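For reference, the structure discussed in these notes is given below.
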Ligand code: COS
């Protein structure tokens, strides 16, 4: 349900304060220890951050897409590892069940996911299946009232903490592509499910990914999301449409934060007898960054409003994700440049945010995948208009 404008303003101000007073000051410690303090996770739970988008009947805040992106503009200002903690539940960790789950599946998992008691993970990628998501090799063989899962999922965000996984697996071996894929809600602790070692990553320390391995892992037939085989790829795509808008919003938040850091440094640091901010070549970097962040903000908001109005926004979500993730990469790079030698030094956040931002161009669909989604839809439209 949409919040009234006063409640929304207050909510966004609360998020901004939380980011400024609690998250940003903890960034260095989180990056160093590769862990988010339990106290901060508890605060995130209390604020309802795990359930931003979960329906209100299940204890969530039930934010509209527009409200969600406005919230993520604020939350995205902190180092992305914090967002990864709760927003995987808000997005890909919960949405498969929320969008396509049966009433029983929704009632079973959504309250725990919304409160943050259960961490959700989205298990699509495999060692040999990344962008080509329709080719998943993990199998789910029907045996009476059970499915038996075999295969390995790779780079699964929050898997070390997850209580339930949305797993895409092939139920129909005769169907090579997307049509043979189904989605399952698989609980941690199910015999046959094991985890790999957390990966050492370029950035986003504090957010954890690892393999999820299925060896004759038997799940009840009731774990099939939506109760219908062959729908798993579509479930994944629907989840990603929403997830890509969320990621684009996170890129906007981080862009705006970095521009603030860039300006703070440029007005304080003096060279050739005056602040860096008075040099036009530095001003050009600030101005380009601001124009890009503003464009990304407008795209994300427009796409979110269209989605709330019931439109199919696959193309707009991909446009926003591509533009916002590419631009935050450029902005983070300029910030290192404005910081000069200090930009390369751990003590300053510029180098960390540069490394952290790099992932946005890769996960939830690489830039190249977004290009394919956009172009495919436009070409199909042109063909249809031409009657071809
Ligand atoms: N919503 C609902 N259904 C969708 C959809 C969407 N956004 N996108 C595609 N579908 C449906 C199609 O309509 C089609 O259905 P029918 O067979 O009934 O016509 C089916 O899904 C297959 O679609 P398509 O042929 O377009 O699939 P492709 O195998 O060509 O894959 C890409 C398309 C490449 C875009 C897809 O595999 C993809 O997004 N890959 C990237 C995955 C990703 O983001 N990975 C990151 C890891 S997850 S964090």
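Here are some notes:
- Qualifying residue in the stretch 139-149 (condition: under 24 Å from residue 366 (Cα atoms) and modelled with pLDDT of 95 or more): no
Results for (1) surrounded by 12 or more Cβ atoms within 10 Å (Cβ to Cβ); (2) under 30 Å from residue 233 (Cα atoms), shown as yes or no for each residue.
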residue	(1), (2)
337	yes, no
346	no, no
354	yes, no
369	yes, yes
380	no, yes
388	no, yes
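- Any hit, the stretch 176-199, residues being at pLDDT 95 or above, more than 12 Å from the ligand (Cβ to nearest atom), touching a helix residue (DSSP H, G or I) at 6+ places or on another chain (Cβ under 9 Å) and in a helix (DSSP H, G or I): no
- Inspection of the stretch 287-306 finds a residue satisfying the criterion of being within 16 Å of the ligand (Cβ to nearest atom), assigned to a helix (DSSP H, G or I) and either surrounded by fewer than 20 Cβ atoms within 10 Å (Cβ to Cβ) or not assigned by TED's automatic domain parsing to the domain that holds residue 348 (or both).
- Extreme residue, nearest to the ligand (Cβ to nearest atom), among residues of the stretch 202-244 that are assigned to a loop (DSSP other than H, G, I, E, B) and more than 28 Å from residue 367 (Cβ to Cβ): 230
- Exactly one residue out of 315, 336, 373 is in contact with a helix residue (DSSP H, G or I) (Cβ under 8 Å, 6 or more places away or on another chain) and within 22 Å of residue 205 (Cα to Cα), and it is 336.
- Qualifying helices (runs of 4 or more DSSP H) (wholly inside the stretch 39-137; at least 3 residues being within 16 Å of the ligand (Cβ to nearest atom) and farther than 25 Å from residue 222 by Cβ): 80-90
Rundown of residues vs (1) under 20 Å from the mean Cα position of the chain (by Cα); (2) within 27 Å of residue 368 (Cα to Cα); (3) modelled with pLDDT under 95, yes/no style:
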residue: 82; (1), (2), (3): yes, yes, no
residue: 90; (1), (2), (3): yes, yes, yes
residue: 113; (1), (2), (3): yes, no, no
residue: 121; (1), (2), (3): yes, yes, no
residue: 126; (1), (2), (3): yes, yes, no
residue: 132; (1), (2), (3): yes, yes, yes
residue: 151; (1), (2), (3): no, yes, no
residue: 162; (1), (2), (3): yes, no, no
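- Set 11, 18, 86: member being crowded, with 19+ Cβ neighbours inside 10 Å, over 19 Å from the mean Cα position of the chain (by Cα) and within 30 Å of residue 345 (Cα to Cα): 18
- Single residue of the stretch 321-368 satisfying the filter (within 16 Å of the ligand (Cβ to nearest atom), part of a helix (DSSP H, G or I) and farther than 18 Å from residue 257 by Cβ) that is nearest to the chain's Cα centre (by Cα): 321
- When 215, 229 are checked against the criterion of being surrounded by fewer than 24 Cβ atoms within 10 Å (Cβ to Cβ) and either free of Cβ contacts under 8 Å to residues at least 60 places away in the same chain or within 22 Å of residue 204 (Cα to Cα) (or both), a single residue qualifies: 229.
The values are calculated or read from the model by the stated rules, or taken from the named source; none is laboratory data. None of these values were measured; they are calculated from a predicted model. Counting neighbours? That spans all protein chains shown, and the Cβs are built from the backbone with ideal geometry, glycine included.
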